[in-house]
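Worksheet for the structure shown next.
The values are calculated or read from the model by the stated rules, or taken from the named source; none is laboratory data. Note that the structure is a prediction, hence the values are computed from the model and not measured. As a convention, Cβ positions derive from the backbone with ideal geometry for all residues, glycine included, and neighbour counts pool all protein chains shown.
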Amino acid sequence: MTVVAPSREKLLLVAQQLPASPQVLVHLSELLTDVNSGLDDVAVLLRRDTALAARVIRISNSVAFGMCGRVETVEDAVNRVGYAEIYRLVGLATAAQMAELNLSVYGITGPQLRDNTLVVALAVEALATRAGADSRVAYTAGLLRSTGKLVLDRYARKTNLSCESLTASGMGHLLNWEQATFGCTNIEVAQWVLSGWRFPRSIVEPICHQYSAAMELPDHAQTGTFLRLACTIAHDAGFGLFGERDLPETTSAALLAAGLTPSQVEESAEEAKASFEALRSSL
C-alpha cells in the first residue's frame, strides 16, 4: 500500500505545538554574537518561556556547574555562569524540556530520548572542542538531531494514525520504518522545521545526513562526523535509540579529516559520560 506523506505545511503546523525552547536557542545565539547585547538581554529572552526559565534555574544549581550558593532567578543563573556557559546551560534545559513526552509510535520513552539527546550533545561538543571546531554548532546539532522524530510522533497522535510502533514492526531500521509509516523520514522533517526556525545550514545539514556519510555540502562534513561519532558513543554507553544501531562506521580517513585521533574520541566519550552523570539528577 502506498503511503501518502503529510504535507510540509501540515508538519510545520504540528511543529509549532512543540515547546518554543529550540527557537530560543536561535535568538540566544544571535544575542551572544551581538557585541551590543549584554547578560540582561539574555535574561529577558529566557524569561519569555517560564518553563524553560525554571529548568535553567534548576540545572544551574547542579554540581556540574559548581555553583556556590543557591541560584533563585534567571538573572542569578545568567550572571553566575556568564557568556561562556549560558548557551550550554540553556541547551541542556531545552533538551530536557523537549523530551517530556513519550514518543509512543517509536517505542521511545521521554527519559530515553532525553538521555540520548544529552549524551549525544555533550559528546559532540567534546569532540568538536578537541578538533578545534565550533563547539556551539556541534552541540546544537546534537541537541536538535531528533526534532523530526518529535514532529512525526506528534503528528501520528494528533491524526490518530493507525500504525505499528517501530519496536513492534520488526523492521529494525528507523528510516525504512518511517518511510513505510509516514511516507517521509525524520531527516526530511527536521530539514523543513529547523530551516523554518532559521537555524543555519551548518546545523541543519549534519542533522539531515546523520545516517549517511555522504554530505551535499562538504563544508559541514566535519560536524556530520562528530554527530555520528557522538551517536555511537551514546549507544556504547547504553543510551542509544532503537533503530539507530547501524550508523555508518567512521573510517580512519574520515576521523583524520575531522581532525581527531582515536584517543581523542575515547577522551570525549569519557568526558561526555562524566558530564551527563553530574547533570542527571538536576534534569
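Looking at the structure I just gave you, is Ala64 out of contact with any Phe, Trp or Tyr (no Cβ under 6 Å at 6 or more places or on another chain), modelled with pLDDT under 85, surrounded by 16 or more Cβ atoms within 10 Å (Cβ to Cβ) and of a type in the set (Gly, Ala, Ser)?
So Ala64 passes the test.
Just need a number here: residues in the stretch 76-131 that are touching a strand residue (DSSP E or B) at 6+ places or on another chain (Cβ under 9 Å) and either surrounded by fewer than 23 Cβ atoms within 10 Å (Cβ to Cβ) or basic (Lys, Arg) (or both).
Summing the residues that are touching a strand residue (DSSP E or B) at 6+ places or on another chain (Cβ under 9 Å) and either surrounded by fewer than 23 Cβ atoms within 10 Å (Cβ to Cβ) or basic (Lys, Arg) (or both) in the stretch 76-131 gives 4.
Can you find a residue in the stretch 249-268 that is within 22 Å of Ala93 (Cα to Cα) and at pLDDT 95 or above?
As a first pass, look at the stretch 249-268 and keep what is within 22 Å of Ala93 (Cα to Cα): 268.
If we keep only those that are at pLDDT 95 or above as well, we get 268.
Looking for residues that are within 22 Å of Ala93 (Cα to Cα) and at pLDDT 95 or above, one finds at least one in the stretch 249-268, hence yes.
Taking only pairs six or more apart or across chains, which ones have beta-carbon atoms under 6 Å, a first residue in the stretch 144-171 that is in the same structural domain as Asp115 (by TED's automatic domain parsing), and a second residue that is of a type in the set (Gly, Ala, Ser) and assigned to a helix (DSSP H, G or I)?
Once the first residue is in the same structural domain as Asp115 (by TED's automatic domain parsing) and sits in the stretch 144-171, its partners that are of a type in the set (Gly, Ala, Ser) and assigned to a helix (DSSP H, G or I) give Thr147/Ala190; Gly148/Ala190; Val151/Ala15.
Exactly one of these conditions fails for Gly91: (1) farther than 27 Å from Leu255 by Cα; (2) not assigned by TED's automatic domain parsing to the domain that holds Trp177. Give me its number.
(1)
Just for helices (runs of 4 or more DSSP H) wholly inside the stretch 122-239: which have at least 2 residues that are modelled with pLDDT of 90 or more? Please lay out each step first, then the result.
Numbers: elements: 135-144, 147-158, 166-169, 174-182, 186-196, 201-208, 221-236.
Filter on the stretch 122-239 gives 135-144, 147-158, 174-182, 186-196, 201-208, 221-236.
When you scan the stretch 232-242, do you find a residue that is under 29 Å from Asn176 (Cβ atoms), crowded, with 17+ Cβ neighbours inside 10 Å, free of Cβ contacts under 8 Å to residues at least 60 places away in the same chain and not hydroxyl-bearing (Ser, Thr, Tyr), even just one? Before you say what the answer is, go through the steps one by one.
Filtering the stretch 232-242 down to residues under 29 Å from Asn176 (Cβ atoms) leaves 232-242.
Retained after the next criterion (residues that are crowded, with 17+ Cβ neighbours inside 10 Å): 232-235, 237, 239-241.
So of that shortlist, the ones also free of Cβ contacts under 8 Å to residues at least 60 places away in the same chain come out as 232, 235.
Subsequent filtering for residues that are not hydroxyl-bearing (Ser, Thr, Tyr) retains 235.
Checked the stretch 232-242: at least one residue is under 29 Å from Asn176 (Cβ atoms), crowded, with 17+ Cβ neighbours inside 10 Å, free of Cβ contacts under 8 Å to residues at least 60 places away in the same chain and not hydroxyl-bearing (Ser, Thr, Tyr).
State all residues of the stretch 17-31 that are closer than 12 Å to Val193 by Cβ and surrounded by fewer than 13 Cβ atoms within 10 Å (Cβ to Cβ); if no residue qualifies, say none.
Gln17
If I ask for residues that are among the charged types (D, E, K, R) and either under 17 Å from Ala131 (Cα atoms) or surrounded by fewer than 16 Cβ atoms within 10 Å (Cβ to Cβ) (or both), which ones from the stretch 243-281 would you list? Walk me through how you get there before you give the answer.
Our first condition is that a residue be among the charged types (D, E, K, R); within the stretch 243-281, this holds for 244-246, 249, 266-267, 270-271, 273, 277, 280.
Those that are among the charged types (D, E, K, R) and either under 17 Å from Ala131 (Cα atoms) or surrounded by fewer than 16 Cβ atoms within 10 Å (Cβ to Cβ) (or both): Arg245, Asp246, Glu249, Glu266, Glu267, Glu270, Glu271, Glu277, Arg280.
Got at least one residue in the stretch 243-254 being in contact (Cβ under 8 Å) with a residue 40 or more places away in the chain and in a helix (DSSP H, G or I)? First the steps, then the outcome.
So the first thing to find is which residues in the stretch 243-254 are in contact (Cβ under 8 Å) with a residue 40 or more places away in the chain, and the list is 243-244, 246, 254.
Okay, now just the ones that are also in a helix (DSSP H, G or I), so 254.
Looking through the stretch 243-254, at least one residue is in contact (Cβ under 8 Å) with a residue 40 or more places away in the chain and in a helix (DSSP H, G or I).
Go through (1) outside any helix (DSSP H, G or I); (2) surrounded by 14 or more Cβ atoms within 10 Å (Cβ to Cβ) one by one and return the number of the condition Asp34 breaks.
Failed condition: (2).
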